[in-house]
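J.: This is the structure I have questions about; it appears just below.
The values are calculated or read from the model by the stated rules, or taken from the named source; none is laboratory data. Please read these numbers as outputs of a predicted model, since none were measured by experiment. Glycine gets a Cβ as well: all are built from the backbone with ideal geometry, and neighbour counts include every protein chain shown.
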Amino acid sequence: MAQARKVIVTCAVTGSIHTPSMSPYLPVTPEQIADAAVAAAEAGAAIVHLHARDPETGRPVQTPEAFARFLPLIKQRSDVIVNITTGGGLGMTVQERVAPAAVFKPEIASLNMGSMNFGIFPMLERYKEFKYDWERPYLENSKDYVFKNTFKDIEYILKTCAGNGTRFEFECYDTAHLYNLAYFLDKKLVEPPLFVQTVFGILGGIGTHPEDVLHMKRTADRLFGDAYRWSVLGAGRAQMPIAAMAAAMGGNVRVGLEDSLWIGPGKLATSNAEQVRKVRQIIEGLGLEVATPAEARAILALKGGDQVAF
């Protein structure tokens, strides 16, 4: 009897887009981030994608010291694969962004594959009152913000992490980002299998129409053939529909409160694990199975949890 295909579920537990006033369930403190990561793993996530926050204000921070407060807690409690962001938060330098991955040498780190407008200011239409004085300007400033990921920046991150055995989740927000990745593959600065995370629904990137998903998949197929593993994330209300599309098309999926605060129309998700359980239902409803961390390590050719520096 044929075995079911394994789908890698990534959970992005806090991110740097949403602010604390938007949901009481957004993990902020090191303990909350660790608990959210472990619970997501127990629900079926093979990978947790991690950002750090100031525990007093919830503002995104990117110091190695901030990550050190929760990385060991997660490792002690779970075999989940840890993916450390190099995207950081709005306004951070590339040196700040790469520092935690350089220090802790994770199995995998995110890497954004091109510069883009990155607009989160439309959320001001929904939220009128904020608990912390940094939140409103943080959103407003994105109206005049370019998320800078030049070829020099990308090469800097790749070279800074070279020798660590860290592989990358290549975040591609538009078609050009796939071509940028193809350039680095041609120059042998990255190695297959490429873990390509196509991102849908951020203002400034590609949209969330099914044709957008198909277009990104067709382009990646043409550029990379069998040298890549495809995953998707849909922002906001597009999270589950795009996950369902990708799973049915042979892809992997990412959910989590970084990407969407919701579990249904007008209903906040009460945890990251709730979103993992929901996408797992979709995956298993298609006759597929979620990959364990060990299976995901094999699929993505990762070095193993015993080779990290935390």
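J.: Counting just the residues of the stretch 63-108 that are closer than 28 Å to GLU191 by Cβ and among the hydroxyl-bearing types (Ser, Thr, Tyr), which one comes out surrounded by the fewest Cβ atoms within 10 Å (Cβ to Cβ)?
T.: Here the residue is THR93.
J.: Going through GLU140, GLU171, GLU107, GLU129 one at a time, which residue ends up being of a type in the set (Asp, Glu) and more than 22 Å from ASP259 (Cβ to Cβ)?
T.: Being of a type in the set (Asp, Glu) and more than 22 Å from ASP259 (Cβ to Cβ) holds for just one of GLU140, GLU171, GLU107, GLU129, which is GLU129.
J.: Of all residues in the stretch 251-287, count the ones that are more than 19 Å from the chain's Cα centre (by Cα), part of a loop (DSSP other than H, G, I, E, B) and within 22 Å of THR208 (Cβ to Cβ).
T.: 3
J.: Kindly provide the set of residues from the stretch 39-61 that are surrounded by fewer than 24 Cβ atoms within 10 Å (Cβ to Cβ), in a loop (DSSP other than H, G, I, E, B) and touching a residue at least 12 places away in the same chain (Cβ under 8 Å), ordered by number.
T.: GLY44, ASP54, PRO55, THR57, GLY58, ARG59
J.: What is the residue count in the stretch 244-268 for residues that are crowded, with 22+ Cβ neighbours inside 10 Å and aliphatic (A, V, I, L, M)?
T.: 5
J.: Let me ask something additional. Give the residue that is farthest from the chain's Cα centre (by Cα), with candidates limited to residues of the stretch 5-38 that are in a strand (DSSP E or B) and either buried (at least 21 other Cβ atoms within 10 Å of the Cβ) or modelled with pLDDT under 95 (or both).
T.: Residue satisfying both the conditions and the ranking: VAL7.
J.: Here is a follow-up. I need the full set of residues from the stretch 129-184 which are of a type in the set (Gly, Ala, Ser) and surrounded by 18 or more Cβ atoms within 10 Å (Cβ to Cβ), in order please.
T.: Of everything in the stretch 129-184, those that are of a type in the set (Gly, Ala, Ser) and surrounded by 18 or more Cβ atoms within 10 Å (Cβ to Cβ) turn out to be SER142, ALA182.
J.: Additional query: Could you check the stretch 201-216 and list, in sequence order, the residues that are over 18 Å from the mean Cα position of the chain (by Cα) and of a type outside the set (Asp, Glu)?
T.: Answer for the stretch 201-216, where residues must be over 18 Å from the mean Cα position of the chain (by Cα) and of a type outside the set (Asp, Glu): HIS209, PRO210, LEU214, HIS215.
J.: Same structure again: For the condition out of contact with any Lys or Arg (no Cβ under 8 Å at 6 or more places or on another chain), over 25 Å from MET245 (Cβ atoms) and at pLDDT 95 or above, what is the one hit in ALA269, ALA294?
T.: Within the list ALA269, ALA294, the selection yields ALA294.
J.: Any chance you could count how many residues in the stretch 185-198 are more than 24 Å from ALA309 (Cα to Cα), surrounded by fewer than 23 Cβ atoms within 10 Å (Cβ to Cβ) and touching a residue at least 24 places away in the same chain (Cβ under 8 Å)?
T.: Looking only at that region, the number is 1.
J.: Answer yes or no as to whether GLY87 is in contact (Cβ under 8 Å) with a residue 60 or more places away in the chain, within 15 Å of the chain's Cα centre (by Cα) and part of a loop (DSSP other than H, G, I, E, B).
T.: When the stated conditions are applied, GLY87 passes them.
J.: While we're looking at this one, here's another question. All but one of (1) touching a strand residue (DSSP E or B) at 6+ places or on another chain (Cβ under 8 Å); (2) farther than 23 Å from ASN252 by Cα hold for ALA40; state the number of the condition that does not hold.
T.: Status for ALA40: all satisfied but (2).
J.: Now a separate question. Can you go through ASN141, ASN180, ASN149 and tell me which one is under 20 Å from the mean Cα position of the chain (by Cα) and within 19 Å of GLY89 (Cβ to Cβ)?
T.: Exactly one of ASN141, ASN180, ASN149 is under 20 Å from the mean Cα position of the chain (by Cα) and within 19 Å of GLY89 (Cβ to Cβ), namely ASN149.
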